[in-house]
Every structure is written in structure tokens, then in C-alpha cells.
1. Which condition number in (1) modelled with pLDDT of 80 or more; (2) on the phi > 0 side of the Ramachandran plot is the one that B:TYR117 fails?
2. Can you tell me which residue among B:LEU122, B:LEU208, B:LEU153, B:LEU110 is assigned to a helix (DSSP H, G or I), among the hydrophobic types (A, V, I, L, M, F, W, C) and within 15 Å of the chain's Cα centre (by Cα)?
3. Out of (1) farther than 22 Å from B:LEU199 by Cβ; (2) not in a strand (DSSP E or B), the odd one out for B:ARG183 is which?
4. When B:ASP77 is evaluated against the numbered criteria (1) closer than 16 Å to B:HIS129 by Cα; (2) of a type outside the set (Val, Ile, Thr); (3) at pLDDT below 90, which criterion, by number, is the only one it fails?
5. Would you mind finding the one in B:LEU160, B:LEU200, B:LEU153 that is within 23 Å of B:ASN58 (Cβ to Cβ) and either of a type in the set (Ser, Thr, Tyr) or free of Cβ contacts under 8 Å to residues at least 24 places away in the same chain (or both)?
6. Going through B:VAL195, B:VAL175 one at a time, which residue ends up being crowded, with 19+ Cβ neighbours inside 10 Å and either without any contact (Cβ under 8 Å) to a residue 40 or more places away in the chain or over 24 Å from B:ALA55 (Cβ atoms) (or both)?
Amino acid sequence: MFDKSKKEPEKKAAAPAAKSSAPASKPASVSNSGQTTTIGASINLNGELKGNEDLLIQGQVEGNIFLKEHNLTIGEQGKIKANAFAKTITVRGELTGDLNGLDKVTITSTGRVRGNIIAPKVILEEGATFKGSIDMDAKAGKPAAQAASAKSA
Amino acid sequence: MALFAKPRGEPQVRQPAQPGFSELGCPAFAGLVEAMHAREEKTDPKFGILDLAKASGNHIQFFSQFRCKYHIGDVLDAMESWPVPGEDTPVVDLETLLPLHNTDGLDLILAWDGLNYLHPELLPLLSGHLAGKCNPGAWLHAFVYTRGDMPALPLRFDILSPEKMRCTRRGDDWVGAPCPPQRVLESRLPEFRVVQSRLLQNGLHEYLFQVSRH
């Protein structure tokens with residue numbers, strides 16, 4: 001379940017984008033690194049967010065987030081009050097709301113989530129904080145091998 | 001009224017006689033998992049599971065083999081914010097403490113170590129609250145101390161297999177344990193009846209209850 005081979009590429013993808021919003025002197029914080037768009041730490045968004053590319057949020061967002069076939073990452077500085085729908089969702093910061101991950105939802109060791117999760121695969125790293133419920137449907141979302149490995153855990 | 005008992009007396013610091021973790025067999029839990037698989041083959045249910053402990057990736061991973069809605073209760077987290085017994089305090093609002101919205105009913109409650117840290121007077125309240133959320137035949141699985149003392153903080157349980165768990169102690173402080181005998185425990189959880197009970201190697205008593213009335 002703690003699939004490192006899948007987790008590493010996510011970190012790499014997020015890293016360049018995070019750098020772009022890191023310097024405090026830069027006022028604008030919405031950038032696109034080619035693969036991942038970043039909403040920087042100084043950005044405050046209220047409303048509905050839709051897109052067709054991967055998104056890293058380091059700022060504050062209230063509302064709903066829809067990234068149908070793309071990946072959403074809430075960075076360590078991100079504070080979100082929203083329902084989110086994406087292919088994969090990774091939470092390293094704070095999120096209050098419901099998460100719907102088509103493939104999986106990951107809450108990392110720094111992540112804090114209050115809400116409900118619907119995903120075929122949910123990963124909760126050591127140190128992560130989560131309150132709410134998780135809707136898991138092993139038969140619908142998992143290849144047989146994954147279900148078998150969970151059985152032997 | 002307080003929901004949780006504070007540890008009785010001052011924590012005693014003592015040299016750990018055992019390492020901070022141990023592995024234990026859990027035959028009742030193994031039987032429970034088997035029963036869940038059997039129920040799954042017959043009726044393809046979507047289990048409602050309530051874990052009273054903190055969210056654990058290990059538990060979630062294990063139960064992801066079932067179609068289920070897995071609720072994190074994390075009731076012990078609220079322990080610090082509730083007043084000590086005897087103080088003139090409002091009645092416990094379990095609906096707020098344990099919100100179980102959008103659930104089709106619970107089929108399994110995991111009370112791993114939590115019952116040891118709840119004030120005995122409040123167990124019947126919790127029992128009634130939980131039983132009201134249970135589907136017929138729902139299980140409650142618990143570990144209860146039988147020795148005179150217990151760690152000041154609840155153990156962490158990791159499922160290694162249906163037959164085996166690892167329990168990890170956090171800190172070296174110990175406090176008095178309530179150690180209720182089975183008949184006392186049953187009287188405090190009147191909506192549940194014991195269907196299996198085993199004394200385990202490390203002094204924990206493993207109980208499997210089943211809801212008997214709503």
C-alpha cells in the first residue's frame with residue numbers, strides 16, 4: 001500500500017513548481033512548470049476551480065476543485081476548505097472537505113484532513129491526521145493483485 | 001459529566017520491563033475476519049466500520065480488502081478537552097463527539113484499547129449510542145487490561161495478519177488500569193454480549209462482542 005515507486009515521481013513533479021513560488025519577493029504566485037500548475041502561498045482563492053492539468057496548491061482555496069483526469073497536490077503550506085475531485089489527490093497540508101480520488105488519495109505525514117474520502121485506494125502515511133470516513137470499494141477499484149496483497153498484510 | 005477518565009493518580013515513571021512493542025496472537029480477531037469474509041461471500045455487503053482509535057494507515061490498508069465505509073472515531077483525541085469526573089459539566093453530546101453521518105449502519109466497531117481509558121460510568125452511554133448505530137449482528141472487538149496497571153497512553157495496534165498484531169507502547173509512564181471482569185464489562189455495555197473472550201500473553205484480554213439489542 002505504501003507504494004514508494006509511485007510516490008517518488010509525485011514529489012519530483014511537485015518540486016520544481018514549488019520552487020517557483022518559494023521566493024518571498026515574487027508577488028505573483030500562479031505559475032506553470034509545464035506539467036504542474038502551482039497556486040502559490042500568497043494566493044487566496046474563493047470559488048470553483050476547474051482544470052485540465054496537474055495542480056499544486058500552496059495557498060488558500062475555498063470552494064470546489066475539479067481536475068477530472070489530473071493530479072491534485074495540496075502542498076505543506078496549502079490550506080483548503082473545499083470538496084476536491086481529481087485522478088489522484090495528495091495532501092501534505094491542511095484540508096477540510098470531501099475528497100474524491102478516481103485512482104487514489106494519499107495523506108502524507110504532514111497532512112491534516114477533516115472530511116470524507118471516496119477512493120479505491122487510500123494511503124495514510126505515518127504521522128498523518130485524519131478525521132472522517134473513507135468509502136472503499138475493493139472490488140470496483142482494485143486489481144486483484146492489490147486486494148490479495150492487502151489480505152496478506 | 002466527563003466522557004473520559006483521566007489517568008488515575010500521578011503517572012509513575014518506571015524502567016520498562018519489556019521493549020516498547022510486542023506481538024500478540026488475536027484468535028477472536030482472526031475469527032471475526034473469517035466471519036466477515038463468509039458474510040461477504042453470501043451477501044456482498046458493504047461493511048460499516050468504526051475505528052474508535054486514531055486514523056491508522058495500517059488499519060485502513062487491512063480493511064481495504066472489504067467493500068466498506070470506514071469511519072475514524074478518534075475519540076481518545078477528545079480526552080484532554082473533556083473535564084474530569086465529578087465536575088459540574090454538561091451532559092456528553094455523543095452525536096457531536098462521534099458524528100456518524102451518511103452511514104448505512106455499523107457492522108464492526110474496533111475499540112482497541114479505548115475502553116480502558118473511558119470513565120466506567122460513561123461506558124453505558126457509549127454502548128447505547130453505538131448500539132443505536134449498529135446493524136443487526138454487528139461486532140465490537142476490544143482489548144481490555146487485566147493487570148493492575150497500563151501505559152498512560154493507549155497502545156498502538158498494527159495488524160500484521162488476521163491472527164497477529166503488534167502493539168506499541170508510547171512512553172514509559174504507567175497508570176492504574178480499571179481491569180473490569182467480564183461480567184462487569186458486560187454490565188457496562190448492556191447492548192452487547194460477549195461471544196468470544198481470550199486472555200492474551202501480555203495481560204490484555206481480547207473480547208469479541210455482538211450487538212444484542214438496539
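The values are calculated or read from the model by the stated rules, or taken from the named source; none is laboratory data. All values derive from a computational prediction rather than experimental measurement. Cβ atoms come from the backbone with ideal geometry, glycine included; neighbour counts cover every protein chain shown.
1. With (1) modelled with pLDDT of 80 or more; (2) on the phi > 0 side of the Ramachandran plot applied to B:TYR117, the lone miss is (2).
2. Working: B:LEU208 fails: assigned to a helix (DSSP H, G or I); B:LEU153 fails: assigned to a helix (DSSP H, G or I); B:LEU110 fails: assigned to a helix (DSSP H, G or I).
One residue alone meets the criteria, B:LEU122.
3. (1)
4. Result: B:ASP77 fails condition (1) only.
5. Working: B:LEU160 fails: either of a type in the set (Ser, Thr, Tyr) or free of Cβ contacts under 8 Å to residues at least 24 places away in the same chain (or both); B:LEU200 fails: either of a type in the set (Ser, Thr, Tyr) or free of Cβ contacts under 8 Å to residues at least 24 places away in the same chain (or both).
Testing whether each residue is within 23 Å of B:ASN58 (Cβ to Cβ) and either of a type in the set (Ser, Thr, Tyr) or free of Cβ contacts under 8 Å to residues at least 24 places away in the same chain (or both) leaves just B:LEU153.
6. Details: B:VAL195 fails: crowded, with 19+ Cβ neighbours inside 10 Å.
Just one listed residue meets the conditions, B:VAL175.
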